[in-house]
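A quick write-up on the structure given underneath.
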Amino acid sequence: MSEIDKIDREVEWKKSVEVLKGLYPRWQTTTEQIKTWKELFGMLNPEWFRESLRLTYSKYSGENPKPNWVRELFKEVQLRHRGIPSNESDSASNARQREINERQEYEAIVNRDRENAWEEVSGWSNEERVTWATRFKKKYAILVSGRNDSSNMRTWSKTFTQQVKVFRGIQDEKV
């Protein structure tokens with residue numbers, strides 16, 4: 001016997017009607033209205049249905065719930081419980097936001113690495129800085145802009161500083 005077969009639909013429907021009456025006490029329902037609602041919503045997951053009723057109450061104002069409102073919000077509840085974005089734009093927006101966050105995290109790491117390289121190279125003697133910057137510029141001239149004066153670290157970009165630091169590290173490993 002599956003979970004669906006174990007549900008007593010009558011008991012669950014009565015609970016749903018109580019939620020409806022509790023949320024909309026002024027709603028004067030007829031037997032025909034309740035019967036119509038049961039035909040529309042009686043076979044749905046009762047917990048999700050009640051959740052959609054509560055969402056309808058909080059989202060829409062009015063003394064009477066509208067079946068279209070409940071149907072619309074039931075779809076949202078159903079998708080949320082299944083872990084599916086409620087529409088493609090949400091999915092695309094989530095993916096775009098995730099890409100933006102990943103890019104910002106990456107940029108933060110890169111900037112932190114550059115700051116660390118700047119701090120480390122600042123601790124070298126002036127002679128070491130000039131020597132390693134000059135060696136780097138000779139070997140990788142294409143990567144170096146004219147503003148990075150080997151003899152004046154204040155003209156160095158953070159990127160150039162990081163490249164000099166890494167170059168020295170590689171050269172030291174070779175020795």
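Only the coordinates and a few stated rules stand behind these numbers; no lab work does. Keep in mind it's a predicted model, so treat the numbers as computed, not measured. Reconstructed Cβ throughout: ideal geometry from the backbone, glycine too, with neighbour counts over all protein chains shown.
Before moving on, here are some points about what is shown:
- 3J(HN,Hα) along the stretch 49-54, derived from phi through the Karplus expression 6.51 cos²θ - 1.76 cosθ + 1.60 where θ = phi - 60°, amounts to 4, 5, 5, 5, 5, 5 Hz, with x in place of Gly and Pro.
- Computed from the C-beta positions of GLU115 and ASP172, the FRET efficiency with R₀ = 22 Å rounds to 0.55.
- Cross-link table LYS139/LYS165; LYS15/LYS75; LYS6/LYS75; LYS6/LYS35, entries beyond 18 Å C-alpha to C-alpha: LYS15/LYS75; LYS6/LYS75; LYS6/LYS35
- Using the Cβ of ARG50 as centre and a radius below 13 Å, the other residues enclosed give a net charge of 0, where K and R count +1 and D and E count -1.
- Each residue of the stretch 73-79 is assigned a 3J(HN,Hα), and the resulting list reads 6, 4, 4, 5, 4, 4, 5 Hz, derived from the Karplus form 6.51 cos²θ - 1.76 cosθ + 1.60 (θ = phi - 60°), x at Gly and Pro.
- Computed from the C-beta positions of ILE34 and LYS6, the FRET efficiency with R₀ = 25 Å rounds to 0.55.
- Rounded to whole numbers, the Karplus 3J(HN,Hα) couplings from phi for the stretch 108-116 are 5, 5, 4, 5, 5, 4, 5, 5, 4 Hz, using 6.51 cos²θ - 1.76 cosθ + 1.60 with θ = phi - 60°, and x at Gly and Pro.
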